[in-house]
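Sharing a structure with you now.
The values are calculated or read from the model by the stated rules, or taken from the named source; none is laboratory data. Keep in mind the model is a prediction, meaning the values are calculated, not measured. Because the Cβ atoms are built from the backbone with ideal geometry, glycine has one as well, and the counts that use them run over all protein chains shown. Protein only, heavy atoms only, side chains kept; ligands, DNA and RNA dropped before computing areas. Shrake-Rupley method; radii C 1.70, N 1.55, O 1.52, S 1.80 Å.
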Amino acid sequence: MPQIQVTPLGAGQDVGRSCILVSIGGKNVMLDCGMHMGYNDDRRFPDFSYITQNSRLTEFLDCVIISHFHLDHCGALPYMSEMVGFDGPIYMTHPTKAICPILLEDYRKITVDKKGETNFFTSQMIKDCMKKVVAVNLHQTVQVDDELEIKAYYAGHVLGAAMFQIKVGLESVVYTGDYNMTPDRHLGAAWIDKCRPDILISESTYATTIRDSKRCRERDFLKKVHETVERGGKVLIPVFALGRAQELCILLETFWDRMNLKAPIYFSTGLTEKANHYYKLFITWTNQKIRKTFVQRNMFEFKHIKAFDRSYADNPGPMVVFATPGMLHAGQSLHIFKKWAGNEKNMVIMPGYCVQGTVGHKILSGQKKLEMEGRQTLEVKMQVEYMSFSAHADAKGIMQLIRMAEPRSVLLVHGEAKKMEFLKQKIEQEFNINCFMPANGETATTVTNPNVPVDIALSLLKREAALGPLPDPKKPRTMHGTLIMKDNSLRLVTPEQALKELGLSEHQLRFTCRVQIQNPQSEQDTLNTIYSHLKSVLKEHSIQHLPDGTVMVESILIKVSAAAEEPSTKTLLVSWSYQDEELGGYLCTLLRKGLPQSTG
Amino acid sequence: MERECAELLPSVCAVLADSKESVPDDTCLEKLLDWFRELTGKVPGLSLLQQNPCLTDLISSVHKLSDPDPSILSFISRLAGLLAASEDAFYCLEQQSILTELFGNRELTETDATVRCGWIHGLLSMLQHWPAMKFILKHELIAVILKLQRDSSLFVASAANQLLAHILTFPKHQEASPGSMYSEWTECVKEIARHVEDSLESGIPQHVQQSLKLVTLALGNCQPVVMEMLWQKVGGPMESLLEKDPTNMAQRLMELLLTASRTPLFNSADSKIVTVMSLMLCSLTPTLAIPLASGILKLENCPESLRIKAQRVVLHPMDCILNTTDQQPQNAGLLDEFVCKESVIEDQLSRKASCISLLCLSLSHAGELADVPSVSVELTSGSLFNSVLAVLQLCIGVAVPTTPAYICRHLIGCVRVQRFAVDTLGSLSKQTGSTDFVEQVFNILLEYLINPDTESSVLKKVMQAILQWFSHHSDLPRVWHSLNQDLFPVLKKRLCDVRWEVRDSALEFLTQLTLNFQGKTEFPPILLSSGILKLLLDLLSDSESYVRASAVTALGQTAYITNNNEENLNSESGTSVQEDVASRLVDILAQDTEGFPRRAVVKVFADWLKQRSRLTIQNFEESAASVLKYGSNDLDWEVKIHSLEMAEVYINQTLSKSISACPYAVVQSTNSKNETLTESLQKLFNLKIFEVLLAGLYDCDRPVAQKACTILISLKQVILEDREALNLKGLTWAPDILSKCFSKHSKMAVCGGTNSSLQAGGDLVEILSILDLETMQQALERSSDYIENSPRSLLQDILAATETTEDNAIDCY
């Protein structure tokens, strides 16, 4: 039986990094190729030796698909393509292709600066890797090869994020990547058509959560920022260059406008322009409101948000600064944090998750004294707030997507085992379909039952349609014809055409049956009796008495013979062709019952 | 172990042992194990246990919990294994029955995959001594491990195989084993070998695959007696596997056979390795046989007959292609004999998918063949060149197959085959006999360059192949003619391609070309008359930053040519191009919003500076000073580093002039030397190099500070050597800079209290003496802007995380 196999090398019952291998219809596809930012050695990358021992990834994998630009989904790509070696095609959307190298480069710069970092890719490798990327449009069916095709759907989450349908013949898988089922200030909600995949591989970050209202979170955020600024404090918001940062910028910009606030808001130098550039370039990927108002005003050209210079950090008075990177582990955000940490009037708002070993992680766990490597101890007096603004579908959203796509089974990734277990049960109950949640290294297998498409000759279709009632899509009807398998395709044609095409001659297959009856009449009379009997019973059939001494019902021939030694025992020889098998069988049964008494 | 860590460890252990607490980050436990691994390498396991009784308590308490967290359970198995790797610690834990309770507990191997994995890794770490082996045998754990070898999790099964292989290869010498252990171990090996045999005969693909993997893992390192035992068990089933299920098992069998071929088994008459390999070459489908054949060709001491067979297998598809396109049937083919039936290959080639994968395989392995010395000699006949060329021609539609036509349909526009074929063609450039094909190779590669449909990744490979062929055949006049007449006109088009990938690859190609051939007299005039330089200047304002950076690098490289060949140029235009380049590059550094072009500019200037004798760029000093100024104030720390490297070149050049002013003088005039050094320093001062260095010293990015510090130390050595003779009274700039610098960084401990004395001084020597550069360098080496990444910090994080209640662990950005 054909089957689809899914093996996560990452994101199987965890949220560390995504890397999922799918084998479908003899093709091998890698979905995402993420990096785990919690390690500083090879453990940050997926272990590709589980895929192939000899490092010949190009021969094994038909393609790699990247869902969006976050590093836990694309960070291992240069390692895989340039260091392990993969020359095949890599697919991602246009915005992802544009933004991905910026984030990879940003992370490389931070990483190579760190002590004890080993085996990391270079700028040149990032560039060479990006040259292998094929950018795709939404809803564009991309033919990877003659058999494998992929199609991207809008996923929300971040600019350019996409869900991908992978299809080989009639088997298909949908991989959601990270997605969001509710529109936010700058992006729309995820959408997919009723594509009924064999497996829907869905993220499940918020598998058990019905998230509190986004409006509440936003209000809370604005309140905290406002209070701090009002008391003359400074607010630091560490962010990753592109993504949630833009959402928060729009939020603050609108609030500043409404409240007529004067405190300056800054964004890391260089990044504002870059972000603006990409949002302008990919305006079609944002939500409807932004697209509509774009003609009058570009939402990403902020009135209140200015480019930040390092020297501004020492300026007196309140201010709000968005600085990178998001986990406070290096660069500008850490630099500002160190300057401001000592003042209890200030505040740092962490809008996302931080891995162990970063300042972000430490302050979120409430540590107040931070020891910097070989230098001073930093006392944290400023307020620390955590506010999640990451855009993932919650339990309700995941169920909604399943309803949209109508998959035959669901496979959960990118979530915690316990929470997945809960959602799995819910899915199985509500939709009555299988739900898998393989751990990393475990393979989930689904047997598929593919339909085989068959072409049918128009003449045959017309002929068959003429025979019975008019075609009705709600009432399937059996068609008869000859199935020809030729040149890798299947066709249903009339038997005559099949014979002609295949250069064959027709053989007749006839069934014969002997029925013995007791009848004292002569052979000729017996035959006459049979003729008139059948005439009266089978009124709708053509019955002939042939001159050669046989009775013919449709294609069925009936002959009568009598044994010399026992003339009253008559043997009826019934012979029929395959087409009249049913009638032949019926006749035999009928004749076995004997003939009515002769009236003549 | 540090005292503070030892103090924190009991609380951490208590947290880990508490089932109500959850570990904050999935990497924490891994990092803890890393730390213990490091510790056990330095301190005996027993003293670790004795000094930290909390470890023993942790291990013994966790597995007694009713519902322990799988990740913690896995962690303690691995931790126990690490500690028990030393014999003393093993006995200590075993005396308390901890190891028996932990590893003897079969329930553990029936739960979560993480726990199973931890259990195996624990045993693997522990198995460093005979008592551990005895433990495994005594508790009959082999049966459990063998069961786990068939686990549904890839990770568990693979770890179990590693452990079994470790057991099989355990004793290095028979006499080293205590008492009856060796014979007990031998029995265990027999059990494993029986399991292997059973698996291979089971007909269950997963079991067969795992056992083949195990034997492959073990064969390379085990004793001859084990090797023979294993091979005996493998030999029989292997042949039947080949008959029954060659497709699924081919890869594993191939790996096994190739590993076995590197052991003494290869030469043993009973092993039948050569026979089986030979059989496989004939019976496997071509796509499976080619990788095996390629492996065989790399074997040392491979019998000639097998080698020839393998070569035929690899090249057979290429031979078919050659025959398909050959207009003159009398021409010799690639092969005189075949291993598998021609109809089999033809059948594979008749279907598109199999045709493409077969050709890709054949091409990639044929390319590798060219590098194998024993093979390459036989490939000089030219047929391989012809066949690769034929593939490339078919792919682009410039050759029409005589028969059958479907090959052309399959290959035309097939990017996958194109990539492999171009790579192979590139690797053939160094083959003897390649000279005869230069013309044809250039023609087809040019076709690809010209073809507007050529995919960007193929174009990149085409340019790389051209470079390889140019490098190996630059002595042929034809090459230069082709460069001038054909290549540069196409390259100009490609430099204007709509795809940034193509523009960038073309620029990279041009840089490499210039680098490789700038010494050849033929190259410069061709480049200069091509009009490409003008295009390069245009590309400095490309919309894509990668392209701008590559254009900067290319212009940097071509400058040596435009400079050296002024006589070949209209001198006026030549100079203006150079001046324009220098000022344009400075503009890029000052204005470009992206780091790549700015980085490239500083690199180019540093390179120009190193080789300034080869350049006559007007106002170079002025431009270089601007580069130094902008570069050292850049936002990108890598630009700053390159700027410091540039400053270093300046310093070395300037000081070397003064120090080696007259190396051959018998008695050096002290006075003239002094003046020269002072002058040199004045020159550096004018260039504001000291300002750059001192600012760099206090840069918030550690690599910048480190680089500045290193340069200052070497500068100090040079200056202090001549301290007595140096007259720096006139240089009053230094304290100003330093005081500015120090007031900015007044809180920095290293400068504390030096301000007043500096202002009072006026001597560079004094400044360099005051700055304790050596201590700073040491501090910078150990420190960074990052938070302490020590075990203590890790322990603190684990403790701190348990105190926060907010559920934010699963969120991601």
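Under the rule of at least 5 residues apart or a separate chain, name every residue whose amide H is placed under 5 Å from the amide H of residue A:234.
The answer is A:319, A:346, A:347.
Less than 13 Å Cβ to Cβ from residue A:149, Lys/Arg counted +1 and Asp/Glu -1: what total charge do the surrounding residues give?
Details: positive: A:27, A:151, A:167; negative: A:62, A:145, A:146, A:147, A:171.
Residues near residue A:149 contribute -2 overall.
Which residues, if any, in region B:1-39 have at least 20 Å² less accessible area in the whole protein complex than in the isolated chain, probe 1.4 Å?
Residues shielded by partner chains are B:25, B:26, B:27, B:30, B:31, B:34.
Now for a different question. Collect residues whose amide H, placed 1.01 Å from N in the peptide plane, falls under 5 Å from the amide H of residue A:371; neighbours closer than 5 in sequence don't count.
HN-HN under 5 Å from residue A:371: A:378, B:788.
Antiparallel versus total DSSP beta bridges in the protein assembly as shown: what percent is that, nearest 5? Could you put the intermediate results ahead of the total?
Working: 62 of 103 bridges.
If we restrict to bridges inside the protein assembly as shown, about 60 percent are antiparallel.
What net charge do the residues around residue B:603 carry, taking every other residue with its C-beta under 13 Å from that of residue B:603, with Lys and Arg at +1 and Asp and Glu at -1? Before the final figure, lay out the partial values.
Values: positive: B:598, B:599, B:610, B:640; negative: B:607, B:634, B:636, B:638, B:645.
For residues surrounding residue B:603, the net value is -1.
A further question on this structure: Assuming R0 = 41 Å, what is the FRET efficiency of residue B:770 and residue A:381, from their Cβ-Cβ distance, to the nearest 0.05? Don't skip to the answer; put the middle values down first.
On the way: r = 34 Å, r/R0 = 0.82.
So the FRET efficiency works out to roughly 0.75.
State, as an integer percentage, the relative contact order of region A:287-368 based on alpha-carbon contacts under 8 Å between residues 6 or more apart.
Working: 48 pairs, mean separation 17.6, N = 82.
Relative contact order comes out at 21 percent.
Give the separation of the Cα centroids, region B:160-225 to region B:401-474, in Å.
Here the answer is 48 Å between Cα centres.
A further question follows. Quick one: net charge around residue B:193, please, counting Lys, Arg +1 and Asp, Glu -1 for every other residue with C-beta under 14 Å from its C-beta. All intermediate terms of the calculation are to be shown ahead of the outcome.
Working: positive: B:190, B:194, B:233; negative: B:187, B:191, B:197, B:198, B:201, B:228.
Summing Lys and Arg as +1 and Asp and Glu as -1 gives -3.
In Å, what Rg and Dmax follow from the Cα atoms of region B:173-323?
In Å, with Rg to one decimal and Dmax whole: 17.0, 68.
Mind checking A:349-362 for the average number of partner chain beta-carbons within 10 Å of each residue's beta-carbon? Display every interim value, and only then the final one.
On the way: counts 0, 1, 2, 4, 7, 4, 6, 14, 11, 4, 3, 1, 7, 7.
Partner Cβ neighbours, averaged per residue: 5.
So, with a 1.4 angstrom probe, what is the percent of accessible area on the protein assembly as shown that is carbon and sulfur? Show your work: numbers first, answer last.
On the way: 29950 of 59390 Å².
Exposed carbon and sulfur together represent 50 percent of the surface.
Then there's this: Treating the angle as unsigned and between 0 and 90°, give the value, to the nearest 10°, between the Cα long axis of helix A:581-592 and the longest Cα principal axis of chain A.
Tilt of helix A:581-592: around 40 degrees.
Using the Cα centre of the protein assembly as shown as origin and beta-carbon charges of +1 (Lys, Arg) and -1 (Asp, Glu), tell me which of A:420, B:170, B:236 is placed farthest towards the positive end of the dipole.
A:420
If you don't mind, another one. Determine the percent antiparallel among the DSSP beta bridges restricted to region A:72-203, to the nearest 5.
Beta bridges within region A:72-203, antiparallel portion: roughly 65 percent.
Give me the 1.4 Å probe accessible area per residue for region B:419-484, excluding ligands and nucleic acids, in Å².
Values: 2380 Å² over 66 residues.
Each residue of region B:419-484 exposes 36 Å² on average to a 1.4 Å probe.
Also, I was wondering about something else. Got a sec? Which residues of region B:694-723 lose 40 Å² or more of accessible surface with every protein chain in place, vs. that chain alone, 1.4 Å probe?
Residues losing area: B:700, B:702.
Between the helical axis of A:214-230 and the dominant principal axis of chain A, each derived from Cα atoms, what acute angle in degrees is found, rounded to the nearest 10?
10 degrees
So what J values fall out for region B:538-547 if you push phi through Karplus, 6.51 cos²θ - 1.76 cosθ + 1.60 with θ = phi - 60°, rounded to Hz, Gly and Pro as x?
Ordered by residue, 3J(HN,Hα) equals 4, 6, 5, 10, 4, 6, 9, 5, 4, 5 Hz.
Ignoring everything except DSSP H segments at least 4 long, calculate the 222 nm mean residue ellipticity for the protein assembly as shown; use -39,500 (n - 2.57) per segment, divide by total residues, nearest 500. Before the final figure, lay out each step's value.
Working: 60 runs with 743 residues, N = 1413.
Taken over the protein assembly as shown, the calculation gives -16500 deg cm²/dmol.
Here is a further query. Relative contact order of region A:101-188: what whole-number percent is it, with Cα pairs under 8 angstrom and at least 6 residues apart? Before the final figure, lay out each step's value.
Details: 111 pairs, mean separation 14.8, N = 88.
In percent, rounded to a whole number, it is 17.
Here's another thing I want to ask about it. For region B:85-167, what is the relative contact order in percent, using Cα pairs closer than 8 Å and at least 6 residues apart in sequence?
Details: 64 pairs, mean separation 26.0, N = 83.
Across region B:85-167, relative contact order equals 31 percent.
On to the next question. With a 1.4 Å probe on protein heavy atoms only, work out how much accessible surface A and B bury together, total over both chains, in Å² to the nearest 100.
7100 Å²
Same structure, new question: Arranged from highest to lowest average of other beta-carbon atoms within 10 Å per residue, in what order do the peptides A:169-178, A:30-39, B:468-477, B:277-286 appear? Provide the component values of the computation, followed by the final result.
Values: A:169-178: 24.0, A:30-39: 25.8, B:468-477: 16.2, B:277-286: 19.5.
Averaged packing, sorted descending, gives the order A:30-39, A:169-178, B:277-286, B:468-477.
Residues of region B:631-653 with accessible area at least 30 Å² lower in the all-protein-chain context than alone (1.4 Å probe)?
Going by heavy-atom accessible area, the residues of region B:631-653 that drop by at least 30 Å² are B:635, B:637, B:638.
Just to confirm the number: angle between the C-alpha axis of helix A:271-281 and the first principal axis of chain A, 0 to 90 degrees, nearest 10?
The two axes meet at around 30 degrees.
A further question on this structure: Measuring with a 1.4 Å probe in the full set of protein chains, what accessible area per residue, in whole Å², belongs to region A:285-360? Could the numbers behind the result be given before it?
Details: 2920 Å² over 76 residues.
Result: 38 Å² of accessible area for each residue.
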